[in-house]
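As structure tokens, the structure follows; a few thoughts come after it.
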Amino acid sequence: TDLNPADGILAHDLDRAHVFHSWSAQAALNPFVIAGGSGSTIWDYDGKHYLDFSSQLVNTNIGHQHPAVVNAIKAQADLLTTVAPAHGNLARGEAAKRILGLAGPRFGKVFFTNGGADANENAIRMARLTTGRDKVLSTYRSYHGNTGAAVVATGDWRRVPNEFARGHVHFFGPFSYRTEFWSDSPEQESERALRHLERVIQSEGPSSIAVILLETIPGTAGVLVPPPGYLEGVRALADRYDIVLIFDEVMCGFGRTGEWFAWQGSAVAESPVIPDLITFAKGVNSGYVPVGGVIISESIANAFEHEVFPGGLTYSGHPLAMASIVGALDAMESEGIVRNAASVGAEHIGPGLAALAEKHPMIGEVRGVGVFWALDLVDDPATRAPISTAVIGQLKKELKTRGLLPFAADNRIHVVPPCIVTPDEVAQALDIYDEAFTAVTA
Ligand code: PLP
């Protein structure tokens with residue numbers, strides 16, 4: 001399509017005049033305007049192309065503009081663009097059936113929401129209603145969304161000015177590279193983090209705790225792949241104290257780790273640790289239409305067979321979103337997209353980033369699996385002091401100049417391309433990261 005650079009300037013000016021942005025002081029903003037995209041690439045109105053190694057907000061798992069998803073949305077738009085949640089709808093049933101098929105036999109129903117935050121909101125509510133308990137335990141290194149309970153369950157700085165929901169308690173999860181537990185092996189980190197969690201449960205009073213809410217692999221907090229035995233241990237604690245276990249798979253689900261769900265993979269546990277509720281959004285339809293949801297265990301779903309679930313949303317199971325889920329999941333299945341994420345991650349991204357870390361002392365640790373990686377950047381590998389935000393800013397600039405759209409958080413660059421990324425694109429990206437690290441070191 002024809003690109004007009006003036007449209008890029010207009011888009012930027014309109015944005016600055018009228019649009020209020022998330023998590024920002026508005027005056028400081030200078031948004032990068034994207035004109036279009038295809039697969040792992042996006043471009044601006046000047047026609048400059050960029051490898052999208054951010055997957056936007058780690059959500060375009062199927063890549064940009066996948067024709068199967070675009071066509072599914074168009075076909076549904078021709079048929080019926082909206083329907084009240086109380087009515088039945090074919091696309092909704094097909095979407096729920098596919099999601100349950102991937103989650104496995106322990107799960108009974110899917111409740112659809114508008115995104116990831118309200119998925120967590122409703123999962124927490126289901127757990128509170130079925131247990132008759134109140135408290136929600138979650139980790140300091142987490143992000144669970146920007147609504148009442150979800151933002152207060154969140155561990156990072158975004159919680160603090162928003163603490164208006166009650167009943168939330170935080171604990172430290174495992175993180176070997178920056179341990180809170182003075183551990184010197186992943187096994188010890190796991191054991192000590194579990195002991196800490198059990199002490200928190202006992203001290204809070206187990207009979208007051210409804211939920212343990214965990215990102216299976218904390219994402220925005222730094223792609224913190226749990227050490228051996230941790231998730232098994234959390235499941236055992238949840239069982240011992242009758243607490244509902246929620247895995248937040250909003251970022252790590254639907255292909256990102258090279259598995260349909262992160263909890264199904266050997267990277268996080270020897271054999272799958274199954275939660276009671278799974279929350280999802282992002283990768284389920286790659287964000288082509290806003291959607292999220294809760295995958296509900298058979299037993300929790302049964303609790304609402306004869307009791308009313310006191311919750312709902314006008315757009316629960318919106319037909320355009322449902323059609324996009326069906327289109328995305330079918331294409332991911334038939335094109336082997338989840339397998340591609342696993343193999344490109346294991347054979348190209350992981351070894352490539354490890355080689356970069358050998359060359360650039362600034363890369364303190366490389367963590368990840370599939371197409372879900374973080375580079376933990378340090379001033380000095382010995383002290384592991386996080387690199388400054390100024391260097392992160394320079395790196396972002398160097399990467400963009402060379403045609404790569406990065407994802408940065410705190411002192412880290414997250415390497416999170418779409419699941420469809422090719423070995424060739426990874427090779428190009430690795431060259432760009434290499435040059436950018438060299439440029440900021442010089
Ligand atoms: N949970 C996790 C793990 C996330 O990464 C996010 C978003 O980044 C959310 C929940 C919130 O999802 P949403 O922004 O769709 O509400």
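Before moving on, here are some points about what is shown:
- For region 222-232, the count of residues that are assigned to a loop (DSSP other than H, G, I, E, B), of a type in the set (Gly, Ala, Ser) and surrounded by fewer than 21 Cβ atoms within 10 Å (Cβ to Cβ) is nonzero.
- The condition of being touching a Cys at 6+ places or on another chain (Cβ under 9 Å) and hydrophobic (A, V, I, L, M, F, W, C) holds for only one of ILE62, ILE73, that being ILE62.
- Any hit, region 422-439, residues being polar (S, T, N, Q), farther than 28 Å from SER286 by Cβ and at pLDDT 95 or above: yes
- Within region 334-365, being among the β-branched types (Val, Ile, Thr) and either under 16 Å from ILE392 (Cα atoms) or at pLDDT below 95 (or both) holds for one residue alone: ILE363.
Residues are listed down the side, and each one gets a yes or a no for (1) over 19 Å from the mean Cα position of the chain (by Cα); (2) at pLDDT 95 or above; (3) assigned to a strand (DSSP E or B):
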{"position": "TYR50", "(1), (2), (3)": "yes, yes, yes"}
{"position": "GLN56", "(1), (2), (3)": "no, yes, no"}
{"position": "ILE62", "(1), (2), (3)": "no, yes, no"}
{"position": "VAL70", "(1), (2), (3)": "yes, yes, no"}
{"position": "ALA77", "(1), (2), (3)": "yes, yes, no"}
{"position": "THR82", "(1), (2), (3)": "yes, yes, no"}
{"position": "PRO85", "(1), (2), (3)": "yes, yes, no"}
{"position": "GLY101", "(1), (2), (3)": "yes, yes, no"}
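- From the list PRO174, PRO186, the lone residue that is under 20 Å from the mean Cα position of the chain (by Cα), more than 16 Å from the ligand (Cβ to nearest atom) and either assigned by TED's automatic domain parsing to the domain that holds PRO386 or modelled with pLDDT of 95 or more (or both) is PRO174.
- Residue match in region 246-265 (condition: surrounded by fewer than 24 Cβ atoms within 10 Å (Cβ to Cβ), of a type in the set (A, V, I, L, M) and at pLDDT 95 or above): no
- Residue selected from region 418-442 under the condition aliphatic (A, V, I, L, M) and within 25 Å of the chain's Cα centre (by Cα), by the criterion farthest from GLU365 (Cα to Cα): ILE420
- Taking region 352-417 as the region of interest, the strands (runs of 3 or more DSSP E) fully inside it that hold 3 or more residues being β-branched (Val, Ile, Thr) and under 23 Å from the mean Cα position of the chain (by Cα) are 363-369.
- Some residue of region 236-250 being closer than 22 Å to SER190 by Cβ, under 19 Å from the mean Cα position of the chain (by Cα) and β-branched (Val, Ile, Thr): yes
- Restricting attention to region 140-155, the residues that are in a helix (DSSP H, G or I) and more than 7 Å from the ligand (Cβ to nearest atom) add up to 5.
- Candidates VAL391, VAL371, VAL366, filtered to the one that is in contact (Cβ under 8 Å) with a residue 12 or more places away in the chain and more than 19 Å from MET251 (Cα to Cα): VAL391
- First in region 267-289 and on the phi < 0 side of the Ramachandran plot and modelled with pLDDT of 95 or more, second anywhere and among the acidic types (Asp, Glu) and surrounded by fewer than 21 Cβ atoms within 10 Å (Cβ to Cβ), Cβ under 7 Å, 6 or more apart: ALA269/GLU232; VAL273/GLU232
- Region 189-219, subset outside any helix (DSSP H, G or I) and within 30 Å of VAL378 (Cα to Cα), residue farthest from the chain's Cα centre (by Cα): LEU213
- So ASP134, is it surrounded by 19 or more Cβ atoms within 10 Å (Cβ to Cβ) and either of a type outside the set (S, T, N, Q) or away from the ligand (no atom under 16 Å from the Cβ) (or both): no
The values are calculated or read from the model by the stated rules, or taken from the named source; none is laboratory data. Given the structure is predicted, the values throughout are model-derived calculations rather than measurements. As a convention, Cβ positions derive from the backbone with ideal geometry for all residues, glycine included, and neighbour counts pool all protein chains shown.
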